[in-house]
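Data first, discussion second: the structure below is written as structure tokens.
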Amino acid sequence: MRDAQPNAIYLKDYQPPAYLIDETHLDFQLAEEQTVVEARLKLRRNPAAEPADVLELDGAELELLEIEIDGTPLDEGAYTLTDEHLHLLSPPEEFELRCVTRIAPQDNTSLEGLYKSRTMFCTQCEAEGFRKITYYLDRPDVMSVFTVRVEADSERYPVLLSNGNLVDSKATETGRHWTLWNDPFPKPAYLFALVAGELEKVSDTFTTTSGRDVALHIFVEAKDLDKCDHAMRSLKHSMRWDEEVYGREYDLDVFNIVAVDDFNMGAMENKSLNIFNTSCVLAHPDTTTDQAFQRVEAVVAHEYFHNWSGNRVTCRDWFQLSLKEGFTVFRDAEFSADMGSRAVKRVEDATVLRSIQFAEDAGPMSHPVRPDSYIEISNFYTVTIYEKGAEVVRMIHTLLGPADFRRGSDLYFERHDGQAVTCEDFVAAMEDASGRDLSQFRRWYSQAGTPELAVSDNWDEATGTYTLTVSQHCPPTPGQPEKEPFHIPLKMGLLGDAGSLRLQIEGEAADTESEDNTSRVLEVTEASQQFAFSGLPERPVPSLLRAFSAPVKLHYPYTREQLAFIMSRDSDGFSRWDASQQLAIQVIGDAQSGAVDPLLIDAFGSLLQDDSLDPAMVAETLRMPSENYLADLAETVDVEAIHRGRQAVRTAIGKGLNEALLQRYRALASDASYQPDSAQVAARSLRNSCLAYLAQAGEAGVELAMAQYHEAANMTDRQAALATVVNCGNEAQRTELLEDFYQAWQHESLVVNQWFQVQAMCPQPGNLERVRALMEHPAFSLRNPNKVRALVGAFCSANPINFHRADGAGYQLLVDVVTELNATNPQIASRLLTPLTRWRRYGERREQMRAALEAIAALPSLSKDVYEVVTKSLTD
Ligand code: 7MK
Ligand code: ZN
């Protein structure tokens, strides 16, 4: 909370730190009423900075008990304190600062800094949480060697952890005990971690390529010990993969993961002490869906990969956040592609980009992959920084090819090991290692907005020449009215009656070398550019943006027949899927006025009956574009029309393909013991989407779902059946299953979250009242972010028809929740607001949505987080 209006911080104002901290010694006295932290910091003037006579340290919500320089207590006149800083007046060139602060983790509901999750002490310091622990230079370019002593009651907190190696430990005579930790790698404060609690562990070892043994431990509450196998297996796969694909070995003798229940995000890569949201570690077939199994694998990999892309080489400042996050998301996406199905992973990632990131890029919070300014950095942990940032790294990979990209990453890690660097340093390493010029490509880091490519073509029958004209344009975004052309890798192919055609660009030597001369990457760099292909036997159908080679919107006037043709013929799995989505979008568009084009139903019918296709891709293809994506495509959003159109097409498919769906549903049944492997996941995914269509078509399908619910041998099938019945069944059927499910799983917090989420997403009328009632349920709590996301987050962001209810009751619900969370957990409050920020595009609803934002803007004490989102959303 603050008094004055918060200020923006600008990248252009970056200055190196005035002092460096060579050593950080921390001593924690943890207790129920208060925690006392003693910090001894070895500071020295930074030779690279301008001398100044005041040293400003960051600190928030701290009570300063003692302060000394080189053993002498400071006079009142030697320092000043504000809500956010400690200023040391005329500090020596080099000195030891000793500060003793008192904090109250037991009352810390923001889940930032040191706090309590249930009975456990834990920390979350990224980005700026360390300043809630002690006064410090809380910025990523100040890297220090940490030595940490943790003392607490032996019975309540038998496990005491921090980063690095355990140096010593001892029981005291007063029923307490302590451990002493040293992390030899200098690190910024955001990577500091501490855990204290009654935890049990699952252990294993990993032997690195060079033959070192690493002890691996996953710490959880005793009741969850049987849910750690999958995370441990994922960790070992990640360690091996990073050695094989990037040549990166782990660098300490121990790697710990701790699972905590109250956590704002997915997980955190603290050096050798990763802290995870329980939802991203725990997995068991009885309680966890396939999707959640895959998320555990991806998040474990992501956090592990940060050890190099983030920890060994870190960010100079928070404007460079995508340096570590974009790169690490790219790395974890490639890992997941290698572990499972590459095409499916690509479809999933493109779907996130299109339905969430494109909307962010087109809204008031739009920012470049490397932002120029922010008010609250926590608001910039966005899909743009993460997912678009990963696409930018992927485009470099596409332009350089795998071998040069690997040379570039080797050079980057070698050149910058132990440093805090910038996105520019990353691109420079890629250039230096490959000899490629990426100067125009750098605009992807500085320009916000989603580029749009308009493609038109011309066929010259006489010469057999086919010409593509590619024009690019990027709409204005806040603060950026004009954009320069981007450097865009456009992967493409040409299809003829007999399949893929050989590509010969006019004027280029014939390509007899490459294995695949039917697919290539065009480099689009101009506002408008032509590419001519010669020697073609017939007028081709272009297959454009294969593998989603760039995060752009592509427009080409495909006919429905051409889309159906690409769906059945293209060699690129992503393009086949993309064609099905474009066809579905067109068909949903006209279903709003009545009929459903049989072309789509026939195309889906052929897919369903083709056993040679990967069932996971068939399931992805059958999935209709989300209501949010359809909303993003519309000029002004008509929530009801989108919902009705999409439902009409789903019903028509369920009825029109009833036999084929039922047949495939039956054929895919299996009594093999549960494995989260790609073959089984694919089969369950397709089978459950058949089930959802069958239930959409009528009562018989709902009965099938009722039966599946009762017979299910794993949570994937049980939860899918439950969601189907909740969405399509009658009141009696829904009540029966929901009560049964709660009775069976009320003691598994993560399963209860699924129960909340299924209900939050139900499109039936009156759902808002149900969500309101569930907020009073004893299992719900506004203090637990997973619960808030499962119920309120899912309702507001994934149930548009009910959230945008005509009477504005959905908006009021969000205002009520944000009002409370603004005071207790600003990060979660601000994230929940996202659906309201799109208000300008909602024709009939926009004034009500704006009023909701204004009600929040008028709250007496706005957190920086919420202040930034509401003010940016309301300014023109
Ligand atoms: C992922 C930061 C952390 C949003 C998405 C994550 C966070 C926020 C995990 C927290 C992470 N460094 O590893 O990126
Ligand atoms: Zn990350």
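Residue-level analysis places ASN307 among those that are within 15 Å of ligand 1 (Cβ to nearest atom) and open to solvent by less than 10 Å² (accessible area, probe 1.4 Å). Scanning the stretch 360-376 for residues that are of a type in the set (Asp, Glu) and closer than 21 Å to PRO6 by Cα yields ASP372, GLU376.
Total residues in the stretch 459-508 satisfying the condition of being more than 28 Å from LYS553 (Cβ to Cβ) and open to solvent by less than 40 Å² (accessible area, probe 1.4 Å): the figure is 2.
Count of the stretch 826-845 residues, restricted to those that are open to solvent by less than 10 Å² (accessible area, probe 1.4 Å) and out of contact with any helix residue (DSSP H, G or I) (no Cβ under 7 Å at 6 or more places or on another chain), is 0. In summary, helices (runs of 4 or more DSSP H) completely within the stretch 543-637 and bearing 3 or more residues that are over 18 Å from GLN647 (Cα atoms) and touching a Lys or Arg at 6+ places or on another chain (Cβ under 8 Å) occur at 560-569, 573-591.
Counting only strands (runs of 3 or more DSSP E) that sit wholly inside the stretch 77-116, those with at least 1 residues that are closer than 14 Å to ILE67 by Cβ and touching a Ser or Thr at 6+ places or on another chain (Cβ under 6 Å) are 85-89, 94-103.
Among the residues of the stretch 325-343, the one identified as surrounded by 24 or more Cβ atoms within 10 Å (Cβ to Cβ) and of a type in the set (A, V, I, L, M) is VAL329. Taken over the stretch 300-320, residues that are assigned to a helix (DSSP H, G or I) and within 9 Å of ligand 2 (Cβ to nearest atom) amount to 3.
Does THR109 qualify as being open to solvent by less than 50 Å² (accessible area, probe 1.4 Å), over 23 Å from MET143 (Cα atoms) and either in contact with a strand residue (DSSP E or B) (Cβ under 6 Å, 6 or more places away or on another chain) or among the polar types (S, T, N, Q) (or both)? Answer is yes for this residue.
Among the residues of the stretch 425-454, those that are among the charged types (D, E, K, R), under 20 Å from THR398 (Cβ atoms) and open to solvent by 40 Å² or more (accessible area, probe 1.4 Å) comprise ASP432, ARG436, ASP437, ARG442, ARG443, GLU452. Just one of the listed residues (GLU334, GLU325) is out of contact with any Asp or Glu (no Cβ under 8 Å at 6 or more places or on another chain) and away from ligand 2 (no atom under 14 Å from the Cβ), namely GLU334. Scanning the stretch 310-324 for residues that are surrounded by fewer than 23 Cβ atoms within 10 Å (Cβ to Cβ) and within 11 Å of ligand 1 (Cβ to nearest atom) yields a total of 1. Output the residues belonging to the stretch 256-294 that are within 13 Å of ligand 1 (Cβ to nearest atom), farther than 16 Å from HIS230 by Cα and of a type in the set (Val, Ile, Thr). ILE275, the sole residue that qualifies.
Screening the stretch 509-523 for residues that are among the acidic types (Asp, Glu) and surrounded by 10 or more Cβ atoms within 10 Å (Cβ to Cβ) and picking the one that is modelled with the highest pLDDT gives GLU523. Scanning the stretch 363-385 finds no residues that are part of a helix (DSSP H, G or I), more than 11 Å from ligand 1 (Cβ to nearest atom), in contact (Cβ under 8 Å) with a residue 24 or more places away in the chain and small (Gly, Ala, Ser). Within the bounds of the stretch 279-293, is there any residue that is in a loop (DSSP other than H, G, I, E, B), open to solvent by 50 Å² or more (accessible area, probe 1.4 Å), closer than 29 Å to PRO826 by Cβ and within 16 Å of ligand 2 (Cβ to nearest atom)? No: the stretch 279-293 contains no residue that is in a loop (DSSP other than H, G, I, E, B), open to solvent by 50 Å² or more (accessible area, probe 1.4 Å), closer than 29 Å to PRO826 by Cβ and within 16 Å of ligand 2 (Cβ to nearest atom).
The values are calculated or read from the model by the stated rules, or taken from the named source; none is laboratory data. Because the structure is a prediction, the values reported are computed rather than measured. Because the Cβ atoms are built from the backbone with ideal geometry, glycine has one as well, and the counts that use them run over all protein chains shown. The area values use the complete protein model at the heavy-atom level, side chains included, leaving out ligands, DNA and RNA. Shrake-Rupley method; radii C 1.70, N 1.55, O 1.52, S 1.80 Å.
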